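Below is one structure; the comments refer to it alone.
Since every read-out is calculated from the coordinates, none of them should be taken as a lab result. Quantities reported herein were computed from a predicted structural model and do not represent experimental measurements. Counting neighbours? That spans all protein chains shown, and the Cβs are built from the backbone with ideal geometry, glycine included.
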Amino acid sequence: MTDERAGAEPLIEVDGLEKVFSVRRRAGRLRRVRQEVRAVDGISFRVPRGEMVGYIGPNGAGKSTTIKMLTGILVPSGGRLRIAGIDPSPGAGRRPRGRAAAAPGLLRRGYPDRERTRLARRIGVVFGQRTTLWWDLPLKDSYELVRRMYRVPDAVYRANLERCVELLDLAPLLAVPVRQLSLGQRMRGDLAAALLHDPEVLYLDEPTIGLDVVSKAKVRGFLREVNAERGTTVLLTTHDLTDIEQLCRRVMVIDHGRLVYDGGLDGLRAAGGGERTLVVDLERQLPPIEGVPGARTVRVDGPRQWLAFPAAQSAAPLVAAVAARYPLVDLSVREPDIETLIAELYARGRKGADTGRSGGKEGHAL
Ligand SMILES: Nc1ncnc2c1ncn2[C@@H]1O[C@H](COP(=O)(O)OP(=O)(O)OP(=O)(O)O)[C@@H](O)[C@H]1O
């Protein structure tokens with residue numbers, strides 16, 4: 001978040017948001033019972049215009065459900081949300097009163113649909129697991145349909161398409177039917193489709209899932225460019241901490257439907273107290289690397305060695321120290337996975353509560 005943006009108006013405002021699903025579960029051979037699943041359990045946050053925020057958490061934490069409510073696909077069970085000043089489901093979670101009570105259809109159909117349509121013009125969505133493109137149509141025809149659906153003016157459409165084609169390398173793919181695209185090509189195609197109508201907010205649900213290293217780098221580079229050029233606000237859910245590290249200065253962690261952390265990634269690492277791993281390939285097999293301050297060698301396999309170091313620490317001095325004394329050929333830094341960080345965040349939080357200390361340095365464990 002830049003300093004000018006810190007004081008900017010919030011583009012996304014969420015207060016006490018809830019989503020409860022009612023599901024039927026098996027209870028014995030024939031009997032089924034109704035159960036409530038609190039997928040999102042009273043979360044609140046603000047996102048200023050132009051910020052890129054990571055939204056992470058373990059499987060089933062409530063990330064997709066939150067995004068579906070922010071896009072107007074799902075109606076909240078409680079709480080309040082506004083995106084660019086629009087509430088996609090006004091009246092949701094509240095009992096209708098007065099004229100609305102006499103005409104409940106008004107709350108469920110006409111008015112909310114108008115708000116959802118208004119919102120749809122201001123947002124873009126990409127679900128990594130599912131395409132929004134037309135399976136049998138060439139990419140270009142899918143874009144033409146998007147143009148008509150959103151009534152994008154010709155000049156805006158042409159300029160946006162040209163820029164996306166250039167940044168995402170789409171020219172050779174425009175005539176290819178979507179079903180023939182590889183996962184990485186399809187994801188680039190989906191990103192362009194989500195941006196043709198100039199949305200102010202972009203929701204990305206696992207945009208790099210299943211992509212190889214080169215495709216991931218292309219997607220990340222594109223998102224950085226779009227955010228810098230257009231000031232598009234981005235909410236990004238991912239299981240890949242490198243996505244967050246390269247794109248977001250702020251990260252929110254959700255677990256069991258509740259926000260458990262909101263702050264910088266460094267603060268999350270410090271709150272989690274985890275370790276990262278520097279993986280180095282040497283020219284030849286050597287005894288375990290020693291004497292690198294702040295790191296310890298945890299594994300050796302032929303010329304490859306693994307050095308663990310505190311996750312909040314920069315890798316640069318370690319790399320310099322290794323390179324100065326050992327014949328270094330290649331290296332990479334491995335992040336702890338999100339599940340490990342969150343488990344550590346909880347363990348620290350409990351310890352902190354026991355000793356009266358709080359977990360995080362920057363940001364706050366909630
Ligand atoms: N339509 C639904 N009906 C009933 N339960 C649902 C529905 N959608 C989600 N849930 C439940 O709500 C909880 C949160 O699910 P959600 O998909 O939001 O999690 P997530 O954080 O996106 O997980 P993942 O990382 O696996 O995609 C889970 O327990 C899930 O089973």
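Full extension from R38 to S22: what is 0.36 nm times the residue separation minus their Cα-Cα distance, to one decimal in nm?
Between R38 and S22, full extension yields 4.9 nm more.
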Seminar exercise, completed: Packing-ranked peptide list from 166-177, 245-256, highest mean Cβ count within 10 angstrom first, is 245-256, 166-177
Exercise. Once the Cβ-Cβ distance between R151 and A343 is put in as r, and R0 is 35 Å, what FRET efficiency do you end up with, to the nearest 0.05?
Worked result: 0.15
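If the only charges are +1 at each Lys and Arg Cβ and -1 at each Asp and Glu Cβ, what is the size of the charge dipole of the chain around the Cα centre, to the nearest 20 debye? Walk me through the intermediate numbers first.
On the way: 58 positive and 45 negative charges, 437 e Å.
Approximately 2100 debye in magnitude.
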Exercise. Under unit Cβ charges (Lys, Arg +1; Asp, Glu -1), what dipole magnitude, rounded to 20 debye, does the range 275-335 have relative to its Cα centre?
Worked result: 80 debye
For this session: Using only the alpha carbons of the chain, determine the length spanned along each of the three principal axes and report them from longest to shortest in whole angstroms.
Result: 78, 57, 56
Seminar exercise, completed: Rg from C-alpha atoms of the range 275-335, normalised by the globular rule of thumb 2.2 N^0.38 Å, equals 0.97
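Taking only C-alpha pairs under 8 Å that are 6+ residues apart, what is the relative contact order of the range 275-335 in percent? If you can, show how the numbers build up before the last one.
On the way: 110 pairs, mean separation 29.4, N = 61.
Normalised by residue count, the contact order of the range 275-335 is 48 percent.
For the chain, calculate the relative contact order in percent as a whole number, restricting contacts to Cα pairs under 8 Å that are 6 or more residues apart.
So the answer I get is 17 percent.
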For this session: Name the long-range amide H neighbours of Y55: under 5 Å, sequence gap of 5 or more, or other chain; modelled H, no Pro or chain starts.
Result: L236, T237, T238, M252
Exercise. Which percentage, to the nearest 5, of the DSSP beta bridges contained in the chain is antiparallel?
Worked result: 70 percent
Exercise. Under the rule of -39500 (n - 2.57) per DSSP H run of 4 or more residues, summed and divided by the residues of the chain, what mean residue ellipticity at 222 nm is obtained, to the nearest 500 deg cm²/dmol?
Worked result: -11000 deg cm²/dmol
For this session: Please list 121-128, 136-143, 262-269, 282-289 highest first by mean number of surrounding beta-carbon atoms within 10 Å per residue.
Result: 262-269, 121-128, 136-143, 282-289
